[in-house]
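S.K.: Below: one structure in structure tokens.
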Ligand code: NAD
């Protein structure tokens, strides 16, 4: 039966998107909760290879399919969300698209650009939608920095630093196994690099120099640092760490006339801007071994502090857009070519780290 929902203006009715989920683990259960808060979609059921996870889903009242095949053969299912470990995305996506289903795949979409190219070719051949859950495009910390960059609030921006720091090492599940697509470049790097490419739009990185860390794990990277050079001397640092008992700020952005910082997930931070360039006099800082005027802190009357701008985002717009793309031909928000761009950047990071060299992009 086709379910209908009222349109925003109540003058038309929209057909709901019937979606099924493969993989009911940590992120799969997040998708279920999110889908339950969206009027425009209907969750048909789920399949997970682990009976314990199937039971957990059944306990939540979710329909359980008998197999992946049974799920794909359900003709009422229009789209599939894939929320399984990274190495399984390719075979599941190809099977789902081969069965004529639209696909929403978790990040990182694949282990490398060859796998992603296969997925894109399959979606084109089958004429189905293919997108990736780059949900952190809806993070407010990112949107605040994007706004500061776009509006040049602090004058011309010349440096941006984006970091996520934890102190628990890499998780002890499939994420620390290479064959499952573990490692922090693929896990967190993919989010931060996607944010970087979306923020800078047509400005593409010219080169990258990257280093990986293996503090808690030998098999895969448990952190990395990647330094990008853009045109006009813009630099962008992306850093992920899992052995940081003191975290560095989530964001740090410098313009010619000011600096902004976002310290944490709670969006604590501020903008500090010069209010009078002419007042250059500084009281020297004297340490036991010397003195400096250049690095002396500014006095209060030459700088002004501002709160961070307010932004608003609703992550449900991701699935609303998937439905609108499938049913109404709306432009996709997360396009395969954008995902490919990030995949190439991740490959450049691995190459730079392995060969200890700058990679030109
Ligand atoms: P998880 O280990 O908690 O869950 C994975 C689930 O997939 C498990 O229940 C497992 O039994 C099941 N599974 C494994 N192989 C399967 C197969 N062939 N068919 C069906 N089920 C299968 O992992 P997770 O943290 O939920 O991560 C899953 C995916 O989601 C990964 O790609 C991860 O990178 C991504 N993820 C994304 C975000 C985000 O913010 N977008 C956050 C966390 C995880």
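S.K.: Relative to the first principal axis of the alpha-carbon coordinates of the chain, what is the inclination of helix 89-98, with its axis defined by its Cα atoms, in degrees from 0 to 90 and to the nearest 10?
M.R.: Long axis of 89-98 versus the principal axis of the chain: about 40 degrees.
S.K.: Here's a follow-up. In nm, what is the difference between 0.36 nm times the number of residues separating residue 138 and residue 279 and their Cα-Cα distance? Before the final figure, lay out each step's value.
M.R.: Working: separation 141, 0.36 × 141 = 50.76 nm, distance 4.03 nm.
Working it through step by step, the gained length comes to 46.7 nm.
S.K.: Angle, helix 140-151 long axis vs. longest principal axis of the chain, Cα atoms, 0 to 90°, nearest 10?
M.R.: 60 degrees
S.K.: For the chain, what is the percent of antiparallel DSSP beta bridges, rounded to the nearest 5?
M.R.: 60 percent
S.K.: Any chance you could give the angle, 0 to 90 degrees and rounded to 10, that helix 113-126 forms with the longest Cα principal axis of the chain?
M.R.: It works out to around 40 degrees.
S.K.: Helix-derived [θ] at 222 nm for the chain: sum -39500 (n - 2.57) over DSSP H runs of at least 4, divide by residue count, nearest 500? List each step's numbers first, then the result.
M.R.: Details: 9 runs with 106 residues, N = 361.
For the chain, the value works out to -9000 deg cm²/dmol.
S.K.: Given 20 °C and 1.002 mPa s, how large is the Stokes-Einstein diffusion coefficient of region 198-345 in µm²/s, with Rh as the Kirkwood radius over Cα pairs?
M.R.: Working: Rh = 19.9 Å.
Rounded, D is 107 µm²/s.
S.K.: Can you sort 215, 220, 283 from fewest to most other Cβ atoms within 10 Å of each residue's own Cβ? List each step's numbers first, then the result.
M.R.: Values: 215 14, 220 21, 283 9.
In increasing order of surrounding Cβ atoms, one gets 283, 215, 220.
S.K.: Using a basic spin-label model with each label point 7 Å from the Cα along Cα→Cβ, how many nm lie between residue 259 and residue 316?
M.R.: 4.1 nm
S.K.: Can you order the peptides 93-106, 152-165 by their average number of other Cβ atoms within 10 Å per residue, highest first?
M.R.: On the way: 93-106: 21.9, 152-165: 18.4.
Top to bottom by mean Cβ count within 10 Å: 93-106, 152-165.
S.K.: What is the chain by shape, rounded, prolate or oblate, if you read a ≥ b ≥ c off the alpha carbon gyration tensor as root eigenvalues and call it rounded for a/c under 1.5, prolate for a/b larger than b/c, and oblate otherwise? Let's see the in-between values first.
M.R.: Values: a/c = 2.23, a/b = 1.73, b/c = 1.29.
Taking the square roots of the gyration eigenvalues as a ≥ b ≥ c, the chain is prolate.
S.K.: What's the exposure ranking of 122, 357, going from fewest to most Cβ atoms within 10 Å? Numbers along the way, then the final one.
M.R.: Values: 122 19, 357 12.
Fewest to most other Cβ atoms nearby, the residues stand as 357, 122.
S.K.: In terms of the Cα gyration tensor, with a ≥ b ≥ c the square roots of its eigenvalues, is region 2-133 rounded because a/c is under 1.5, prolate because a/b exceeds b/c, or oblate? Spell out each step's value before the answer.
M.R.: Numbers: a/c = 1.75, a/b = 1.18, b/c = 1.48.
Cα axes put region 2-133 in the oblate bin.
S.K.: Moving on to the next point. Based on alpha-carbon centroids, what's the gap between region 91-157 and region 290-361 in Å, whole number please?
M.R.: 14 Å
S.K.: Specify whether the C-alpha gyration tensor of region 115-213 places it in the rounded, prolate or oblate class, a ≥ b ≥ c being the square roots of the eigenvalues: rounded for a/c under 1.5, otherwise prolate if a/b is larger than b/c and oblate if not. Before the final figure, lay out each step's value.
M.R.: On the way: a/c = 2.02, a/b = 1.23, b/c = 1.65.
It comes out oblate by the Cα gyration axes.
S.K.: Determine the relative contact order of region 133-220: mean sequence separation of Cα pairs under 8 Å and six or more apart, normalised by residue count, in whole percent. Mind showing how you got there, number by number?
M.R.: On the way: 45 pairs, mean separation 29.9, N = 88.
Relative contact order of region 133-220: 34 percent.
Any read-out appearing in this document is the output of simple, stated calculations on the displayed coordinates, not a laboratory observation. Remember, predicted model here, so these are calculated numbers, not experimental data. As a convention, Cβ positions derive from the backbone with ideal geometry for all residues, glycine included, and neighbour counts pool all protein chains shown.
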